[in-house]
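S.K.: Quick one: the structure is below, questions incoming.
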Amino acid sequence: MVGRKSGRSISIPVWFVLEDDTLYLLPVQGTDTQWFKNVQAKPSIKIAAGDAHAELKPVVVTDAKQVASVVEKFRAKYGAGDVKKYYSKFDVALLAKLS
């Protein structure tokens, strides 16, 4: 992603859930998370895992039921205790199609 103030590329490790061709992201402080604010300013993210790279245009989700569904996906993958420990606000999620 690109910093909204600096204009520089920023690399940030994030937790994610991948189901089929959909990548789910959950900002740890919801809409207060700095990388989320960067995505709002420039709705594009670059992802990398090993030698694979992609640039994606995520969709911001604020509907409470849809966000809750993403939170449940994170709890299933990482455990409810760790999600509770690291995530403090559940008011937004991002979805990005890989294909």
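S.K.: Longest exposed-loop-site-free stretch of the chain, with trypsin sites (Lys or Arg not before Pro), DSSP loop and at most 16 other Cβ within 10 Å?
M.R.: 9-99
S.K.: Rounded, prolate or oblate: which one fits region 48-99, using the alpha carbon gyration tensor with axes a ≥ b ≥ c (rounded when a/c is under 1.5, else prolate when a/b beats b/c, else oblate)?
M.R.: Here region 48-99 falls in the oblate category.
S.K.: A further question follows. Relative contact order for region 1-98: what percent, with Cα pairs under 8 Å and sequence separation of 6 or more?
M.R.: 36 percent
S.K.: Also, I was wondering about something else. Students sometimes get this wrong: rank 69, 9, 99 by accessible area, probe 1.4 Å, all chains present, largest first.
M.R.: 99, 9, 69
S.K.: For the chain, modelled as a GNM with alpha-carbon contacts under 10 angstrom, which of 21, 63, 51 fluctuates the most?
M.R.: Evaluated over the chain, the most mobile residue of the options is 51.
S.K.: Can you tell me which of 86, 24, 78 moves the most in a GNM of the chain? Springs connect C-alpha atoms under 10 Å apart.
M.R.: Among 86, 24, 78, the largest GNM mean-square fluctuation belongs to 86.
S.K.: R0 = 25 Å: FRET efficiency of residue 10 with residue 62, Cβ-based, nearest 0.05?
M.R.: It comes to 0.60.
S.K.: Reachable lysines from residue 84, Cα under 16 Å, same-chain residues fewer than 8 places away excluded?
M.R.: Here the lysines satisfying the reach criterion relative to residue 84 are 73.
S.K.: Using a Gaussian network model of the chain with C-alpha springs under 10 Å, which one of 68, 49, 41 is most mobile by mean-square fluctuation?
M.R.: So, out of 68, 49, 41, the one fluctuating most is 49.
S.K.: Which whole-number value in Å² is the accessible area per residue of the chain, probe 1.4 Å?
M.R.: 64 Å²
S.K.: What percentage of the solvent-accessible surface of region 11-99, computed with a 1.4 Å probe over protein heavy atoms, is contributed by carbon and sulfur atoms?
M.R.: Of the solvent-accessible surface of region 11-99, carbon and sulfur hold 54 percent.
S.K.: Taking θ = phi - 60°, what integer Hz values does the Karplus form 6.51 cos²θ - 1.76 cosθ + 1.60 yield along region 65-74, in sequence order, with x for Gly and Pro?
M.R.: 5, 5, 4, 4, 5, 5, 4, 4, 4, 5
S.K.: Compute the length gained on full extension between residue 28 and residue 55: take 0.36 nm times their separation in residues and subtract their Cα-Cα distance, giving the result in nm to one decimal.
M.R.: Value of the extension gain: 7.6 nm.
S.K.: Output the pairs from 37/89; 46/85; 77/97; 37/57; 42/97; 65/89 with a Cα-Cα distance over 21 Å in this structure; if there are none, say none.
M.R.: From 37/89; 46/85; 77/97; 37/57; 42/97; 65/89, over 21 Å: 46/85.
The values are calculated or read from the model by the stated rules, or taken from the named source; none is laboratory data. Just so we're clear, the structure is a prediction, and the values are computed from it rather than from any experiment. Glycine gets a Cβ as well: all are built from the backbone with ideal geometry, and neighbour counts include every protein chain shown. What goes into the accessible areas is simple: the full protein's heavy atoms, side chains included, and nothing from ligands, DNA or RNA. Shrake-Rupley method; radii C 1.70, N 1.55, O 1.52, S 1.80 Å.
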